[in-house]
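The values are calculated or read from the model by the stated rules, or taken from the named source; none is laboratory data. These figures come from a predicted structure and were not determined experimentally. Virtual Cβ from ideal backbone geometry, glycine too; neighbours counted across all protein chains shown. Just so you know, the surface numbers come from the protein's heavy atoms only, side chains and all, with ligands and any DNA or RNA stripped out. Shrake-Rupley method; radii C 1.70, N 1.55, O 1.52, S 1.80 Å.
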Amino acid sequence: MNSTPISEQETTMRIFSHHEFDHHEQVVFCHDQATGLKAIIAIHNTHLGPALGGCRMYPYASEEEALNDVLRLSKGMTYKSAIANLPLGGGKSVIIGDPHSDKTPDLMRAMGTAVERLGGRYIVAEDSGTNVEDMLLLGEITKHVSGIAEKCDAEGNCRSGDPSPMTARGTFAGIQAAVKHRLGRADMEGVRVAIQGVGSVGHHLAKLLHDAGAKIFVADINRSAVEQMVMELGATAVANEAIYDQDVDVFSPCAMGAIINDQTIPRLRASIVAGAANNQLAEKSHGQALATKGILYAPDYVINAGGVIDVCYERSSMAQEQIIKQVDAIGETLHEIFTRAEAQHKSTYELADQIAEERFAS
Ligand code: NAD
């Protein structure tokens, strides 16, 4: 396990009065002496079904930081599942440790035991720092695990667990809906899209956009990922910092969070922000700042729900075509949000929160 000493000040760590605590139903601290497991599972809300959410493994500098993350992320999952119309609540887990040096098969099995003890109130899946192989280890101990099934498309191309292609598909459907709403265009021919980050989701998204006739601009700190997009799709490579300044129709963040902020909003020339990255707005008020500037924002947790839809239904008998239909319906959900936000003079982010809350509060 990570040997980072936990600050002594943390003896005063608060839970119920924590600034990220928001009526969470259950917060469980999990420890296993033999493997050194230190984990927290947070179940935010189960009104719509069991709480599904990823297990993040990260070398948190403090227990406070880990608690902060799990409280915030589990709440986010409640909103994401509710807006995607899934029979799921919101939860998340974090393992305190470095996935590169602290992860062992037994530690993962111990995490499986921690999940199993909750009796199905929490369903675990992969997240940053964990992968399909880890989930298979948890699956030796608990059946409350998702994101592990092998999935094959009509052409016989198979993939195991990885939700990224479905996340990209949902994001593509969301971009189409935004283009239709803002630009009045039913097709993507010649629409200019700047993608920040062409990793697991971004590169699938770039291909979908390219196949639909869009003109792609890409930036990534990983040069080879950019070169691949230039070679495969004829994409235009852009320097990392310059991605915000591109003369494009759509800015599509697919890398990290908090990239919509006081510094970047004045630079954006796109009339649409629609991408897969989580927590794109540095502050909620930046959703309003985008609207004030006339930029249509597709709320991140709505447009990037393709992966959770995929992971949810992999546990059911739903046929792959039906799952795809549900993912494509992200476009319709966004259409509703765009239309109602305009009618009610609200930002799209506020409106999405409102719809999600109406659903899970009942
Ligand atoms: P990834 O790590 O596979 O890809 C991210 C890419 O962004 C990498 O290629 C990385 O080099 C690049 N990057 C990092 N910092 C950058 C920077 N400053 N400028 C430009 N590029 C940068 O991750 P992913 O699975 O593709 O996920 C991308 C985003 O989408 C994340 O915010 C993730 O939380 C979110 N998301 C992913 C999924 C999913 O199914 N994978 C689902 C929902 C949300």
Find the percent of Cα-Cα distances in region 51-126 that exceed 18 Å, and round it to a whole number. 43
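What's the ranking of 284-295, 104-115 by average number of surrounding C-beta atoms within 10 Å, highest first? Display every interim value, and only then the final one.
Numbers: 284-295: 16.1, 104-115: 20.8.
Ranking, from highest mean packing down: 104-115, 284-295.
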Which residues does a label at residue 61 reach in region 81-114, if reach means a backbone N under 18 Å from a point 7 Å past the Cα toward the Cβ? 96-99
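Grab the DSSP H runs of the chain that are 4 residues or longer, score each as -39,500 (n - 2.57), total them, divide by all residues and round the 222 nm result to the nearest 500 deg cm²/dmol. Provide the component values of the computation, followed by the final result.
Working: 12 runs with 141 residues, N = 362.
Calculated from helices alone, the mean residue ellipticity at 222 nm is -12000 deg cm²/dmol.
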Compare the peptides 236-243, 35-42 by average per-residue count of other Cβ atoms within 10 angstrom and give them in order, highest first. 35-42, 236-243
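Let's test the formula: R0 of 45 Å, r as the Cβ-Cβ distance of residue 322 and residue 100. What FRET efficiency results, to the nearest 0.05? Walk me through the numbers before you get to the answer.
Values: r = 38 Å, r/R0 = 0.85.
So, using R0 = 45 Å, E works out to roughly 0.75.
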If you count, for each residue, the other Cβ atoms within 10 Å and average over each peptide, how do 209-218, 310-319 line up from highest to lowest? 209-218, 310-319
Using modelled amide H (1.01 Å from N, peptide plane; none on Pro or chain starts), what sits under 5 Å from the amide H of residue 37, excluding residues fewer than 5 places away? 32
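Once you list every other residue whose beta carbon is under 10 Å from the beta carbon of residue 28, what net charge do they have if Lys and Arg are +1 and Asp and Glu are -1? Numbers along the way, then the final one.
On the way: positive: 117, 121; negative: none.
Residues near residue 28 contribute +2 overall.
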In Hz, Karplus ³J(HN,Hα) per residue of region 316-324 (6.51, -1.76, 1.60; θ = phi - 60°; x = Gly, Pro): 10, 8, 4, 5, 4, 5, 5, 5, 4
Taking a ≥ b ≥ c as the square roots of the Cα gyration tensor eigenvalues, with a/c under 1.5 meaning rounded and otherwise prolate when a/b beats b/c or oblate if not, region 164-360 comes out oblate
In a solvent-free Debye calculation with one equal scatterer on each Cα, what is log10 I(q)/I(0) for region 2-147 at q = 0.08, 0.13, 0.19, 0.22 Å⁻¹, listed in the order of the q values? -0.19, -0.51, -1.10, -1.42
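Rolling a 1.4 angstrom probe over the protein heavy atoms, how many square angstrom per residue are accessible across region 2-147? Please list the in-between numbers first.
Numbers: 6340 Å² over 146 residues.
The answer is 43 Å² per residue.
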Over its Cα atoms, what ratio of radius of gyration to 2.2 N^0.38 Å does the chain give? 0.98
Around residue 230, under 14 Å between beta carbons, what's the net of Lys plus Arg minus Asp minus Glu among the other residues? 0
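Quick one: net charge around residue 144, please, counting Lys, Arg +1 and Asp, Glu -1 for every other residue with C-beta under 12 Å from its C-beta. Walk me through the intermediate numbers first.
Numbers: positive: 117, 121, 143, 315; negative: 116.
Computed value for this residue: +3.
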Distance in nm between pseudo-label sites at residue 85 and residue 131 (7 Å out along the Cβ direction from Cα): 3.5
Would you mind calculating the gained length between residue 221 and residue 19 on full extension (0.36 nm times residue separation, minus the Cα-Cα distance), in nm to one decimal? 69.4 nm
If you roll a 1.4 Å probe over the heavy atoms of the protein chains, what accessible area per residue do you get for region 236-321, in Å²? 38
Cα-Cα over 23 Å: which of 180/215; 75/293; 75/325? 75/293; 75/325
The FRET efficiency for residue 293 and residue 34, from their Cβ-Cβ distance with R0 = 35 Å and rounded to 0.05, is 0.05
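In debye, nearest 20: dipole of region 2-147 around its Cα centre with unit charges on the Cβ of K, R (+) and D, E (-)?
Working: 12 positive and 19 negative charges, 107 e Å.
With only Lys, Arg, Asp and Glu charged at Cβ, the dipole is about 520 debye.
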Give me the percent of the accessible area of region 98-200 that comes from carbon and sulfur atoms, probe 1.4 Å, all protein chains in place. 48
Which of 222, 45, 278 ends up with the largest GNM mean-square fluctuation for the chain, with Cα atoms connected below 10 Å? 222
